[in-house]
Structure formats: structure tokens, C-alpha cells
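*Asks:* Can you read through this structure? Questions will come right after.
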């Protein structure tokens, strides 16, 4: 199955081949230079395909391109930041 990722207002969405939403990651801006990831979710029938990881990577790429930092609040995003050393360059230090 192929999926399409797109950015919408304060979130990235992944849709399946039929155009149904399969998952999302949401964030809010905190000041001018910070994104706070507050939710990552994938519908049950689409789990196990790495979609949540790809959603986090889309936000990380956005942060890198725009010179932003990220505060991962949702548990899944926190796990990804703990596991992926390359993400640490955009991690906002407290």
C-alpha cells in the first residue's frame, strides 16, 4: 500500500490510497522558534507500517529547514527523539 503525506495547519497527515486519513501528527508553535509535538496517532488498521515514525520525521525535517527547535511532548515523539541521535540537533534543550 502506498501513502501520501501532506502538511496542513499545524499538523502532518498521512492518507491511504483511497484518500482516507491513516494518521496524523500535531504540533503547536511556542514562540517564534519552537514546535511542540503534542500528538501522534495512526489508525489501528494502518499500524505496524512505520507511519508514526515517518510522521515524526516530517516534523523534524520541517524544523531543520526552518531553523526551528522541537519539544516532544507526546510519548511516541519522545521515544523517537530518545532513539534517533540525528533528531537531537533540533531538540530544544530545557
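A short reminder: the numbers here are calculations on the coordinates, not readings from a lab. Just so it is clear, the model here is predicted, and its values are computed rather than measured. Every residue, glycine among them, receives a Cβ derived from its backbone with ideal geometry; neighbour counts consider all protein chains shown.
*Asks:* What number of residues within segment 5-19 are exposed (fewer than 14 other Cβ atoms within 10 Å of the Cβ), within 19 Å of residue 52 (Cβ to Cβ) and without any contact (Cβ under 8 Å) to a residue 12 or more places away in the chain?
*Replies:* 2
*Asks:* Next question. Output the residue which, of all residues in segment 1-46 that are in a helix (DSSP H, G or I) and out of contact with any strand residue (DSSP E or B) (no Cβ under 6 Å at 6 or more places or on another chain), is nearest to residue 78 (Cα to Cα).
*Replies:* So, considering only residues that are in a helix (DSSP H, G or I) and out of contact with any strand residue (DSSP E or B) (no Cβ under 6 Å at 6 or more places or on another chain), the one nearest to residue 78 (Cα to Cα) is 44.
*Asks:* Identify, from the list 67, 50, the residue that is touching a residue at least 24 places away in the same chain (Cβ under 8 Å) and more than 18 Å from residue 11 (Cβ to Cβ).
*Replies:* After ruling out the rest, the residue left standing is 67.
*Asks:* What number of residues within segment 38-81 satisfy the criterion of being surrounded by fewer than 13 Cβ atoms within 10 Å (Cβ to Cβ) and within 29 Å of residue 1 (Cα to Cα)?
*Replies:* Residues flagged as surrounded by fewer than 13 Cβ atoms within 10 Å (Cβ to Cβ) and within 29 Å of residue 1 (Cα to Cα) within segment 38-81 amount to 7.
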